[in-house]
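Before any comments, here is the structure.
The values are calculated or read from the model by the stated rules, or taken from the named source; none is laboratory data. Predicted model, so just to flag it, every value in this text is computed and none were measured. Counting neighbours? That spans all protein chains shown, and the Cβs are built from the backbone with ideal geometry, glycine included.
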Amino acid sequence: MTLSSIEQYGISFQTKVVSALLTDKPFLQNVNDIITEEYFLNSAQKWIVDQILKYYAKYHCPPTMDVLKVEMKRLDNEVLQVSIKEQLKEAYRSSDESDLTYIKQEFTNFCKNQQLKKALLNSVDLLKAGDYDSIRLLVDGALRSGQDKNIGHEYNKDTESRYREEDRTPVPTPWNEINGLLQGGLGEGDFGLIFGNPGGGKSWSLVALGAYAVQAGFNVIHYTLELGEGYVGRRYDSFFTQIPVNKIIKHKDKVGEVTSLLPGELIIKEYPMGKASISTIESHIKKCIDLDFKPDLIIIDYVDLLSSKRRNRERKEEIDDIYTCTKGLARELKLPIWSVSQVNRAGAKDSIIEGDKAAGSYDKMMIADFAISLSRQKKDKVNGTGRFHIMKNRYGMDGMTFNAKVDTSTGHIEILNELTEEEEEAELKSTKKASDSNFDNLDKEYLAKQFFELNNRS
């Protein structure tokens, strides 16, 4: 869009838009959800459009001249009243059918034009702050604005489309059991979450997901907000070569040989903790696409460390907003997103982490399409074991628990067998018994301390 096109939708054109809104009900029906009084230069036109939209929202038709006269009399500003009368006269005089046809054809460009103006004005402060990603998103949003003529799936008329084979290209995980539950893997617009305790292998599981996808020929972007790009890269090196990460530096030649043969591509992007938002991620993805790198899978380690647009609120509300925006990004870009999250203190001690142990907010799991937990106690870290529990599955069954072999030196995680109900119950009882024992020990220590203090007093 050129500067000349920005200037072409001036006061005369806007008068004709007002005319169309007042006299053409189908036109108003089609555009009422995208037009705003802010698009208009004249204060009288702003008032008229505002009244039209309010009236339509309540009565589903444009207001008559008599309705507008009644509302106009309630204004204290006599100068504005006079201006409104003149604009209304002009609007009704401009209701020529040929003109209105042109207005309807140009309306989408008009909306884009006004949004672009607004974006450019709002970009001034962002430019001073050097926030180019936000500027890019504002401009992109302006250029995408316009009429959405798709009213949705017409149930009675579009029966056939419901039974056509879906063009779904899921990105598989390293685990056949999970792929079976997900109908092949995480698909376009899906948001997957892995919950776990600190140091339990969550970040390694994301590396495993990314590395397996690259090996299968998919392109991956891995965002890290906690670890450096180089360190995450060495973890991928370790996964691909099966050489422990603490020894990988001595095998750079081997790394080069293996990675040069990978069919998929990988980008690792680091952002400082709390300095990136979902908008930052979105802008970077679009930049990659512009540079001919089309990702098939997005990994964020991890979403909780992103910043929220809604500052100065309770952290729970911020987190809920971040997760909602992440899911929205997956849907908008039609890309699967994997991330991880912590469990609460109670969940960190459990041998099987269930859905009520999601840290901070149960809403995290509700927003996700697929949620699993990886639980690893002290003995698991020594033995290289753990348990996967299916917390939520939008595509089918959940509630199952699997034994797993976890190698945190190379990132290789293997699902072994599904636990029976009896085995799962025994694991849960064992956790509860250990927890009760800890409380008993604390009680004994407390009583002994009190007894000692009483004896000293006497």
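Among the residues of the stretch 209-231, those that are crowded, with 24+ Cβ neighbours inside 10 Å and part of a helix (DSSP H, G or I) comprise 209, 210, 211, 213. With respect to residue 164, determine if the residue is basic (Lys, Arg), modelled with pLDDT under 80, exposed (fewer than 12 other Cβ atoms within 10 Å of the Cβ) and not assigned by TED's automatic domain parsing to the domain that holds residue 217. Judged against the criteria, residue 164 is a match. Scanning the stretch 165-208 for residues that are part of a helix (DSSP H, G or I) and either out of contact with any strand residue (DSSP E or B) (no Cβ under 9 Å at 6 or more places or on another chain) or not acidic (Asp, Glu) (or both) turns up 176, 178, 179, 180, 181, 202, 203, 204, 205, 206, 207, 208. Do we find that residue 146 is at positive phi, in contact with a Cys (Cβ under 6 Å, 6 or more places away or on another chain) and modelled with pLDDT under 95 in this structure? Yes; evaluated as a whole, the condition is true for this residue. If you filter the stretch 273-302 down to residues that are loosely packed, with under 12 Cβ neighbours inside 10 Å and more than 19 Å from the chain's Cα centre (by Cα), you find that the one that is modelled with the lowest pLDDT is 290.
Would the stretch 262-281 turn up any residue that is touching a helix residue (DSSP H, G or I) at 6+ places or on another chain (Cβ under 8 Å), among the small types (Gly, Ala, Ser) and on the phi > 0 side of the Ramachandran plot? Checked against the condition, which is being touching a helix residue (DSSP H, G or I) at 6+ places or on another chain (Cβ under 8 Å), among the small types (Gly, Ala, Ser) and on the phi > 0 side of the Ramachandran plot, the stretch 262-281 yields at least one hit. Every condition in (1) surrounded by fewer than 22 Cβ atoms within 10 Å (Cβ to Cβ); (2) assigned by TED's automatic domain parsing to the domain that holds residue 339; (3) farther than 19 Å from residue 405 by Cα is met by residue 244 except one, and the failing one is (3).
Residue under question is residue 9, and the condition is that it be in a loop (DSSP other than H, G, I, E, B) and either touching a strand residue (DSSP E or B) at 6+ places or on another chain (Cβ under 8 Å) or in the same structural domain as residue 107 (by TED's automatic domain parsing) (or both); does it hold? Yes.
A single entry from 33, 24 fulfils the requirement of being among the charged types (D, E, K, R) and over 15 Å from residue 105 (Cα atoms): 33.
Could you tell me whether the stretch 249-264 includes any residue that is among the charged types (D, E, K, R), surrounded by fewer than 17 Cβ atoms within 10 Å (Cβ to Cβ), over 21 Å from residue 327 (Cα atoms) and in contact with a Lys or Arg (Cβ under 9 Å, 6 or more places away or on another chain)? No, the stretch 249-264 contains no residue that is among the charged types (D, E, K, R), surrounded by fewer than 17 Cβ atoms within 10 Å (Cβ to Cβ), over 21 Å from residue 327 (Cα atoms) and in contact with a Lys or Arg (Cβ under 9 Å, 6 or more places away or on another chain).
Pairs are defined by a Cβ separation below 7 Å, a sequence spacing of at least 6 or placement on different chains, a first member in the stretch 168-189 that is in the same structural domain as residue 404 (by TED's automatic domain parsing) and surrounded by 16 or more Cβ atoms within 10 Å (Cβ to Cβ), and a second member that is among the charged types (D, E, K, R) and at pLDDT below 95; the pairs so defined are 187/168; 188/168; 188/334; 189/331; 189/334.
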